[in-house]
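Okay, so here's the structure we're looking at.
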Amino acid sequence: MIPTMLSVMTFNLRLDWAQDRPNHWEARRPLFQQVLQLYPADVLAFQEVMPNQHQDLVAMLPDYAWHGRGREPLGDGEGCYVFWDCRRLEAVFQETFWLGPDPAQPGRAWDAGCPRICNHVLLMDSGQEIHFYNVHMDHVGVMARQKSAELVRRHMSEIDAPAVLLGDFNVERVLESLSALQGLQDCFAVHGSDQEGTFHGFHGVPTLGPIDYVLTTADFEVDFCQRITDRWEGIYPSDHFGLLARLELKSRARRDGKGGSTPPARV
């Protein structure tokens with residue numbers, strides 16, 4: 001049975017940093033919980049998550065399973081995580097790989113300012129397998145972003161199955177800037193006609209175009225994709241706006257007869 005609609009969210013939390021006062025995590029945590037209640041999603045991708053923030057997310061999402069880790073060699077530090085509603089979705093396969101020449105080797109690569117990782121989860125929905133990737137690409141290294149995009153796109157091409165790539169890419173016009181991602185669908189570009197930005201630095205007014213994205217293979221049609229811009233008493237849940245999209249997976253006939261997939265080997 002083909003799933004009808006699937007809602008997905010990507011949100012850069014902004015790490016827990018005391019110097020962000022009055023926008024530190026302690027003040028923003030209840031606001032973020034409000035967001036999760038107001039905009040429920042089947043699959044959520046979070047970036048800039050510190051260990052205490054991860055614990056808070058687990059408590060906020062009791063009906064969700066998760067996969068992810070910190071980007072440091074022992075799994076600590078700032079991380080990326082994928083959460084999914086386990087009342088609907090079942091995990092078949094999950095992995096973390098580093099965005100570097102050797103994806104199994106932790107550490108900083110190319111001209112990156114920090115180690116960078118990708119979390120990949122294969123989820124089953126009513127007999128249909130869908131792959132989800134969560135990335136936070138480097139904010140410094142131009143080459144690191146290009147090479148990271150090539151690595152993730154190669155991984156997606158090898159599985160040749162319906163896939164959704166979410167995250168903070170730290171670059172505008174992602175499909176133009178990161179040529180390896182051409183051929184994917186930018187969901188916000190489909191429905192965000194004025195292309196408002198997603199990073200606003202707690203001020204609510206972006207000075208750049210989007211740097212956070214929901215990208216999909218051609219297997220999906222986009223029902224909608226919107227920014228999450230809520231604030232309470234002048235405080236925003238993050239220095240980024242989140243993106244919420246609802247996707248429809250095309251029937252197999254409309255996808256030119258593509259079949260299922262098997263868990264890929266680690267690249």
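The values are calculated or read from the model by the stated rules, or taken from the named source; none is laboratory data. This is a predicted model, so every value here is computed, not measured. Quick reminder, even Gly has a Cβ in these numbers, built from the backbone with ideal geometry, and neighbours come from all protein chains shown.
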One residue from G204, G127 being more than 30 Å from C86 (Cα to Cα), out of contact with any strand residue (DSSP E or B) (no Cβ under 7 Å at 6 or more places or on another chain) and in contact (Cβ under 8 Å) with a residue 24 or more places away in the chain: G204
What is the residue count in region 186-222 for residues that are in a strand (DSSP E or B) and of a type outside the set (A, V, I, L, M)? 7
A27: modelled with pLDDT under 95 and small (G, A, S), yes or no? yes
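Pick from F83, F11, F97: which is among the aromatic types (F, W, Y) and touching a Ser or Thr at 6+ places or on another chain (Cβ under 9 Å)?
F11
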Of all the residues that make up region 26-58, how many are within 22 Å of R71 (Cα to Cα), crowded, with 20+ Cβ neighbours inside 10 Å and hydrophobic (A, V, I, L, M, F, W, C)? 6
Among (1) surrounded by fewer than 22 Cβ atoms within 10 Å (Cβ to Cβ); (2) more than 21 Å from K147 (Cα to Cα); (3) under 20 Å from the mean Cα position of the chain (by Cα); (4) in contact (Cβ under 8 Å) with a residue 12 or more places away in the chain, which single condition is E72 missing? (2)
Top-ranked residue in region 152-188 [being touching a Lys or Arg at 6+ places or on another chain (Cβ under 9 Å) and among the small types (G, A, S); ranked as surrounded by the fewest Cβ atoms within 10 Å (Cβ to Cβ)]: G183
Of the residues that sit in region 161-173 and are in contact with a strand residue (DSSP E or B) (Cβ under 7 Å, 6 or more places away or on another chain) and modelled with pLDDT of 95 or more, which one is farthest from G201 (Cα to Cα)? P162
Looking only at region 88-104, filter to residues that are modelled with pLDDT of 95 or more and surrounded by fewer than 15 Cβ atoms within 10 Å (Cβ to Cβ); which one of those is nearest to H120 (Cα to Cα)? E90
Filter result for Q47 (in contact with a Cys (Cβ under 7 Å, 6 or more places away or on another chain) and not aliphatic (A, V, I, L, M)): yes
Just checking, does region 50-73 include any residue being in contact with a Lys or Arg (Cβ under 7 Å, 6 or more places away or on another chain), outside any helix (DSSP H, G or I), among the charged types (D, E, K, R) and closer than 21 Å to S7 by Cα? yes
Given (1) closer than 18 Å to A180 by Cα; (2) in contact with a helix residue (DSSP H, G or I) (Cβ under 9 Å, 6 or more places away or on another chain); (3) part of a strand (DSSP E or B); (4) touching a residue at least 40 places away in the same chain (Cβ under 8 Å), number of the condition F83 does not satisfy: (1)
Here's a check for you: in region 150-185, which residue that is in a strand (DSSP E or B) and more than 23 Å from R14 (Cα to Cα) is farthest from the chain's Cα centre (by Cα)? Q182
What are the residues in region 216-242 that are closer than 27 Å to Q33 by Cβ and among the acidic types (D, E), if any? D223, D230, E233, D239
Please identify the pairs in which a residue from region 2-29 that is of a type outside the set (D, E) has its Cβ atom under 8 Å from the Cβ atom of a residue that is modelled with pLDDT under 90 and assigned to a helix (DSSP H, G or I), counting only partners at least 6 apart or on another chain. R14/D20; H24/A18
Tally up the residues in region 52-86 that are touching a strand residue (DSSP E or B) at 6+ places or on another chain (Cβ under 7 Å) and under 23 Å from C114 (Cα atoms), please. 14
